[in-house]
Structures are given as C-alpha cells and as structure tokens.
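Trainee: The structure follows.
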Amino acid sequence: MSGATLFTPVSIGELTLKNRIVIAPMCQYSAENGCMTDWHLMHLGTLANSGAGFLTIEATAVSPEGRITYGDVGLYSDENERAMARTLEGIHRWSDMPIGIQLGHAGRKASSELPWKGGGQIAPDQPLGWKTVGASDVPFKTNYDAPHQLDKDGLARLRKAFADAAKRAARLDLAAVQIHGAHGYLLHQFLSPLSNKRTDEYGGSLENRMRFPLEVFDVVRNAFPADRPITMRVSATDWAEGGWNVEETTAFALALQARGCSAIHVSSGGLVDHQKIAVGPNYQVPFARAIKAATTIPVIAVGLITEFEQAEAIISTGDADMIALARAILYDPRWPWHAAAHFGAHVSAPDQYLRCQPRQFRSLFENNEA
Ligand SMILES: Cc1cc2nc3c(=O)[nH]c(=O)nc-3n(C[C@H](O)[C@H](O)[C@H](O)COP(=O)(O)O)c2cc1C
C-alpha cells in the first residue's frame, strides 16, 4: 500500500476525488462558433484516461464576446451545448473521471488571435475581431483597442449569461463548475485596481471591486445543483506595483467561502503587460499556502509542478489539498500512472490498456485483468 498523500481521496464539497491530481483548464482554441470539435474529443478523451482525480474543461465563454479568441469554446447557445454533450457522451463511455468546466469571460483580453498565429488583439473592425468590454475603458496593452466599460445593464446581462451557462453545465451533468477569476480576464479586471477605475459601487474599495465577481459567484451557485461544487480560480497577485495582492486574495477567498464556494484554485498574474513574475518550480505554492492558512475549504496549487516528489511534498506538507497540472500532463498524459508507479499507488486504466502494465508495477492498475 502506498503512503503517498497524492493518492489519497479528497472531497470538494460533496464530490470525492480518487486522488489529488487535478487537470488544470487548458484552452485549445479549436472550437467552431464556440462549439467543441473532434479535437476536444481526442484531447479530453486522452486526459480522461490519464488516471488523474479530476479533469477541468478549458475556459469556456459565457457569451460570444467573452471568448479570448474566435477558436474558444463557449456555452452560450443550444448549438454549443449539443456539441459539448456529444463530446462528453464519447468520453463518459470510456472513462469515469469526474469532469468539471471553467466558465469565464475574457473582458478586455478578448478578440485575440490564436496563439500559434501570433496572439495579440484583433481590432474590432478586422475580420474575426470584435469590440471588447471591461470593468473600465483601460486597454490591456497600449496598442489595444480600449474596451467598452460595462454599464449596469451590461453587468446584469453578464450575470444572466453566467447563470445560463451554469444551467447548461448542470444539464450536461458536469460534476463541478470553476469560475475563472484569474489571469487578467473579466472578473480579475474587476478585482484589480490596475484595471478597475470605476467610480460607482463596483470600483474603488476592495469591497466594491469584489462586488461583481461575488455577484457572479452567487448567480452561478444558485443556477447549479446545490450538491455539486462551485470553485473559483484566482490570481493571487498581479506581480505589479499597486496591483491585486495576496492580502486582497485572502479577503476574496474568505468572502467566497462564506457564500458556499467549495474550493479555491490559486494561480497568479495575467492582468498587466508589465508584470514581473519570478517563475520557477512551485512559484505559486506560497500563495496557495497563504490561502489555505486563512480558509477552511480545499485549496489547489498550480504552476510548474512537474515532478512526482515535488507534487507529493506540496500535499504532504499541507501547503495545498490538491495539485493541478497543465503543461506537464499535456507533455506526458500518463503522468498520474507514472506517479502512481513511483509511489506504489494505484490508478484505474482503460480495460483496453491493462496489458501494458509493466511487470515491476504489478498492482499499478486497480482494475487488473481477471
Ligand atoms: C495550453 C494552455 C492553455 C491554458 N488555458 C487555460 C485556461 O483555459 N484557463 C486557465 O485558467 N488557465 C489556462 N492555462 C494556464 C494553466 O491552467 C496553468 O495555470 C499554467 O499553465 C501553469 O501550470 P503548469 O506549469 O502546470 O503549466 C493554460 C495553459 C496552457 C499551457
């Protein structure tokens, strides 16, 4: 029996995960009009057979102008919902991994080109571009078109868009919703004083800057079945002078906890072009530790976690309850199998693959052949 805490079960609200490896949301920029394509079936299908405890579907826009790029997945139309239902049906047929979705809105960082075509903003008057909206009319970069500052009607429309997308997620039987409050997208734009210059009740004090993200949390919580978790992804710091910071993130996490948030996923950065990030292994773990120390709900750490012992240490020392992987699991979609083999733990594998179990790891797969 393995002693690794990484392979012990953990609960997020009423959802129990078999192990503490979470697959982080990763945009694939491969949707058509917001609809998932065969790429998503292949990509998510591979990850759903990785042995991780949980799979998060990429940042999914709650409205068309909330997409980062024209290739983003959306959940704002019946057509989007049908396409996602097809993908999920295919995956659930062959994997019992719980799957959640990240719902978000890109705000002033929307209307971008695909990363492999150079990224950057597509101006609103160009093909495939559109006018963006934001907390204030401050552009992400000086050469970007300034977003249209959302007025009260715009905020009401967006609350409804988040709620409607959460209802679609419920109909799709998704196990959890993560709200995207990180990486400089719309909700983070409200939180940070660097992007929120409003003078109404949604700007200025911390309480005012948190107001819209918390309202979004409430409508999503109300729209999604009470026995399924809602979590929030946060950027714990803007890595910039005068920006959003760990103390404010802690206050936000406590406010979310009080409203019934089931877990906080702690990332950082993405709000401003002049951020100075000190990147290295575990570089965001101290932020997770700070949020964990202040709250009682589970905390997920992410960011350059690539090694098995590194992941285990984050959990076993109590810095976080779960670790999330993005690039490492794209590079090696069997990372959880290899981690389980390393620690003498067990993972479930598709029956079709059982024969690949190496001799030296004879009890790796919990569902061995008879
Ligand atoms: C291809 C790719 C797509 C990403 N898309 C998203 C996304 O949809 N939502 C999000 O919150 N973060 C996104 N991220 C950030 C990751 O979830 C993660 O926080 C980041 O890559 C750091 O973790 P890592 O060092 O394990 O890659 C993306 C990262 C990559 C590499």
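Trainee: Might you report the magnitude of the Cβ-based charge dipole of the range 53-112 about its Cα centre, with Lys and Arg at +1 and Asp and Glu at -1, to the nearest 20 debye?
Mentor: Values: 6 positive and 8 negative charges, 36 e Å.
That gives the range 53-112 a dipole magnitude of about 180 debye.
Trainee: Moving on to the next point. Would you list, by chain and number, the aspartates and glutamates whose Cα falls below 14 Å from the Cα of residue 109, excluding same-chain residues fewer than 8 positions away?
Mentor: Leaving aside aspartates and glutamates fewer than 8 places away in the same chain, those within reach of residue 109 are 65, 72, 137, 145, 273.
Trainee: Have a look at 100, 180, 316 and report the one farthest towards the positive end of the charge dipole of the chain, computed about the Cα centre with Cβ charges (Lys/Arg +1, Asp/Glu -1).
Mentor: Of the options given, the answer is 316.
Trainee: Separate question: Grab the other residues whose beta carbon is less than 14 angstrom from that of residue 218, score K and R as +1, D and E as -1, and report the net.
Mentor: Combined, the nearby Lys, Arg, Asp and Glu give +4.
Trainee: Relative contact order (percent) for the chain, with alpha-carbon contacts under 8 angstrom and 6 or more residues of separation? Let's see the in-between values first.
Mentor: Details: 831 pairs, mean separation 60.7, N = 370.
Here the relative contact order equals 16 percent.
Trainee: Something else: Sort the range 238-337 into rounded, prolate or oblate with this rule: let a ≥ b ≥ c be the square roots of the eigenvalues of the Cα gyration tensor; rounded if a/c is under 1.5, and if a/c is not under 1.5, prolate when a/b is larger than b/c, oblate otherwise. It would help to have the intermediate numbers written out before the result.
Mentor: Values: a/c = 2.02, a/b = 1.22, b/c = 1.65.
The shape class here is oblate.
Trainee: I need the phi-derived Karplus couplings for the range 128-143: 6.51 cos²θ - 1.76 cosθ + 1.60, θ = phi - 60°, integer Hz, Gly and Pro marked x.
Mentor: Karplus values, whole Hz, x for Gly and Pro: 6, x, 7, 6, 8, 10, x, 5, 9, 8, 9, x, 5, 10, 4, 8.
Trainee: Something else about it: Please get the size of the charge dipole for the chain, origin at its Cα centre, with Cβ charges of +1 on Lys and Arg and -1 on Asp and Glu, quoted in debye to the nearest 20.
Mentor: On the way: 34 positive and 39 negative charges, 36 e Å.
Rounded to the nearest 20 debye, it is 180 debye.
Trainee: Follow-up. By how many nm would the segment from residue 157 to residue 218 grow when fully extended, if each residue of separation counts as 0.36 nm and the alpha-carbon distance is taken off? Spell out each step's value before the answer.
Mentor: Numbers: separation 61, 0.36 × 61 = 21.96 nm, distance 1.47 nm.
Full extension from residue 157 to residue 218 adds 20.5 nm.
Trainee: Pick out, from 53, 260, 111, the residue whose Cα sits farthest towards the positive end of the charge dipole of the range 5-361, with +1 on the Cβ of Lys and Arg and -1 on the Cβ of Asp and Glu.
Mentor: Value: 53.
Trainee: List the GluC sites (Glu not before Pro) within the range 218-252 that fall in a DSSP loop (any state other than H, G, I, E or B) and whose Cβ has at most 16 other Cβ atoms within 10 Å. Spell out each step's value before the answer.
Mentor: Details: sites: 241, 247, 248; in loops: 241.
The qualifying sites are 241.
Trainee: So, one more: Each residue of the range 108-118 in order: what ³J(HN,Hα) in whole Hz does its phi give by Karplus 6.51 cos²θ - 1.76 cosθ + 1.60, θ = phi - 60°, with x for Gly and Pro?
Mentor: Going residue by residue, I get 6, 9, 7, 6, 9, 7, 4, x, 7, 10, x Hz, with x marking Gly and Pro.
Trainee: Something else: In the chain, with Lys and Arg counted as +1 and Asp and Glu as -1 at Cβ, which of these residues, 25, 83, 339, has the Cα nearest the positive end of the dipole, that is, farthest along it?
Mentor: Sorting the options by dipole projection puts first 339.
Trainee: When the helices in the chain are scored as -39500 (n - 2.57) per DSSP H run of 4 or longer and the sum is shared across all residues, what 222 nm value do you end up with, to the nearest 500 deg cm²/dmol? All intermediate terms of the calculation are to be shown ahead of the outcome.
Mentor: Values: 10 runs with 118 residues, N = 370.
When only DSSP H runs of four or more count, the value is -10000 deg cm²/dmol.
Trainee: Pull up the cross-link candidates among the lysines for residue 276, meaning alpha carbon to alpha carbon under 16 Å and not fewer than 8 places away within one chain.
Mentor: Excluding near neighbours in sequence, the set is 141.
Trainee: If you take every DSSP beta bridge fully contained in the range 22-156, what fraction is antiparallel? Give it as a percent rounded to 5.
Mentor: On the way: 2 of 14 bridges.
Counting DSSP beta bridges with both partners in the range 22-156, the antiparallel share is about 15 percent.
Trainee: Which loop-located trypsin sites (Lys or Arg not before Pro) does the range 18-98 contain, where loop means any DSSP state but H, G, I, E or B and the Cβ has at most 13 other Cβ atoms within 10 Å?
Mentor: Numbers: sites: 18, 20, 67, 82, 86, 93; in loops: 18, 20, 67.
Counting only loop positions with at most 13 other Cβ atoms within 10 Å, none of the trypsin sites (Lys or Arg not before Pro) in the range 18-98 qualifies.
Trainee: Go ahead and set up a Gaussian network model of the chain, Cα springs under 10 Å, then flag whichever of 227, 164, 173 fluctuates most.
Mentor: So, out of 227, 164, 173, the one fluctuating most is 227.
Trainee: Right, something else. Label 7 Å along Cα→Cβ of residue 141; the range 182-197 residues with amide nitrogen under 16 Å?
Mentor: 184-185
Trainee: Rounded to the nearest 5, what % of the DSSP beta bridges within the chain are antiparallel ones? Walk me through the intermediate numbers first.
Mentor: Working: 5 of 41 bridges.
Restricted to the chain, the bridges split so that about 10 percent are antiparallel.
Trainee: How much net charge surrounds residue 110 when only other residues with a Cβ under 13 Å from its Cβ are counted (Lys, Arg +1; Asp, Glu -1)?
Mentor: Values: positive: 67, 108, 109, 131; negative: 65, 72, 113, 145.
Net local charge, residue 110 excluded: 0.
Trainee: Classify the range 105-209 from the C-alpha gyration tensor, please: rounded if a/c falls under 1.5, else prolate or oblate depending on whether a/b exceeds b/c.
Mentor: On the way: a/c = 1.79, a/b = 1.09, b/c = 1.64.
Since a/c reaches 1.5 but b/c is at least a/b, the shape of the range 105-209 is classed as oblate.
Trainee: Can you list which of the DSSP-assigned H helices in the chain have a Cα extent of 30 Å or more along the long axis and an average Kyte-Doolittle score of at least -0.5?
Mentor: Details: long enough: none.
Helices meeting the criterion: none.
Trainee: Right, another one. Could you pull out every one of the aspartates and glutamates with an alpha carbon less than 14 Å from that of residue 152, ignoring same-chain neighbours closer than 8 positions?
Mentor: Leaving aside aspartates and glutamates fewer than 8 places away in the same chain, those within reach of residue 152 are 200, 201, 215.
Trainee: Further, regarding this structure: For every other residue with a beta carbon closer than 15 angstrom to the beta carbon of residue 287, add +1 if it is Lys or Arg and -1 if Asp or Glu, then tell me the sum.
Mentor: On the way: positive: 233, 289, 292; negative: 238, 247, 248, 319, 321.
Once all neighbours under 15 Å are counted, the net charge is -2.
Trainee: Can you give the extra length, in nm with one decimal, that the chain gains between residue 355 and residue 77 once fully stretched, where that is 0.36 nm per residue apart less the Cα-Cα distance?
Mentor: Details: separation 278, 0.36 × 278 = 100.08 nm, distance 4.22 nm.
Length gained between residue 355 and residue 77: 95.9 nm.
Trainee: Could I ask something else about it? So which residue, out of 270, 344, 66, gets the largest mean-square fluctuation from a GNM of the chain using Cα contacts under 10 Å as springs?
Mentor: Ranking 270, 344, 66 by mean-square fluctuation puts 344 first.
Trainee: Specify the residue with the greatest mean-square fluctuation among 72, 153, 332, computed from a Gaussian network of the chain linking alpha-carbon atoms under 10 Å apart.
Mentor: 153
Trainee: Right, next: So how exposed is residue 356, as accessible area in Å² (1.4 Å probe, rounded to 10)?
Mentor: Rounded to the nearest 10, that gives 70 Å².
Trainee: Same structure again: Suppose R0 equals 41 Å; then what is the FRET efficiency for residue 41 and residue 199 from their Cβ-Cβ distance, rounded to the nearest 0.05? Before the final figure, lay out each step's value.
Mentor: On the way: r = 47 Å, r/R0 = 1.15.
Efficiency at R0 = 41 Å is approximately 0.30.
Trainee: Indicate the gyration tensor shape class of the range 5-361 (rounded, prolate or oblate), computed on the Cα atoms with a ≥ b ≥ c the square roots of the eigenvalues: a/c under 1.5 is rounded; otherwise a/b larger than b/c is prolate and the rest oblate. Before the final figure, lay out each step's value.
Mentor: Numbers: a/c = 1.66, a/b = 1.35, b/c = 1.22.
It is prolate, given that a/c is not under 1.5 and a/b is the larger ratio.
The values are calculated or read from the model by the stated rules, or taken from the named source; none is laboratory data. Because the structure is predicted, anything quoted here is derived from the model rather than measured. We place every Cβ from the backbone using ideal geometry, glycine too, and count neighbours over all the protein chains shown. Protein only, heavy atoms only, side chains kept; ligands, DNA and RNA dropped before computing areas. Shrake-Rupley method; radii C 1.70, N 1.55, O 1.52, S 1.80 Å.
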